[in-house]
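The values are calculated or read from the model by the stated rules, or taken from the named source; none is laboratory data. Here the structure is a predicted model, which is why all the values come from computation and not from measurement. FYI the Cβ positions are ideal-geometry reconstructions off the backbone, even for glycines, and counts take in every protein chain you see.
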Amino acid sequence: RILDLFCYVGGWAAAAHKEGAREVVGVDSSAAALGFARRNAPGASFLEANAFDYLREAFDRRERFDGIVLDPPPFVRAKEDLAKGLRGYKELNLRALGMLSPGGWLFTASCSQRVFPETFTACVREAAADAGRSVRLIQVVS
């Protein structure tokens with residue numbers, strides 16, 4: 001079971017479905033993007049929703065996923081947005097880690113050029129500690 005948050009046009013969802021995921025759920029707030037996603041990954045389910053709201057509700061329902069993709073738009077566009085953006089990244093990762101099945105994979109990203117890789121990694125590790133989960137960093141791409 002794979003969750004693709006901020007799925008945009010469904011690239012991650014299409015890849016997961018092609019590789020044999022039994023269920024793929026994509027979430028994005030853009031109806032136009034989801035139209036493309038449905039064409040790109042016809043075997044996946046897509047929901048038009050705010051990703052934060054979806055995560056809160058799915059977390060409360062105790063949903064579990066074997067893989068979760070977090071690929072949001074930039075949360076930090078200016079230096080003064082850094083603290084707020086890091087809180088957003090932490091909340092996403094904290095809730096996602098709480099929904100990840102044991103041994104599951106979290107693919108998490110920040111395209112905010114003002115968030116350096118070591119800062120983002122520290123944010124994810126802090127979220128993992130708060131979620132009571134151990135994580136292993138496999139790869140950083142910058």
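Condition check ((1) hydrophobic (A, V, I, L, M, F, W, C); (2) at pLDDT 95 or above; (3) under 16 Å from the mean Cα position of the chain (by Cα)) across all residues:
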position	(1), (2), (3)
Ala32	yes, yes, no
Phe52	yes, no, yes
Asp66	no, yes, yes
Val69	yes, yes, yes
Pro73	no, no, yes
Arg114	no, no, no
Phe120	yes, no, yes
Ala129	yes, yes, no
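For the stretch 15-22, does any single residue satisfy the condition of being in contact with a helix residue (DSSP H, G or I) (Cβ under 8 Å, 6 or more places away or on another chain) and either at pLDDT 95 or above or of a type outside the set (S, T, N, Q) (or both)?
no
Could you list all residues from the stretch 15-64 that are small (Gly, Ala, Ser) and more than 22 Å from Ser101 (Cβ to Cβ)?
Ser29, Ser30, Ala31, Ala32, Ala33, Gly35, Ala37
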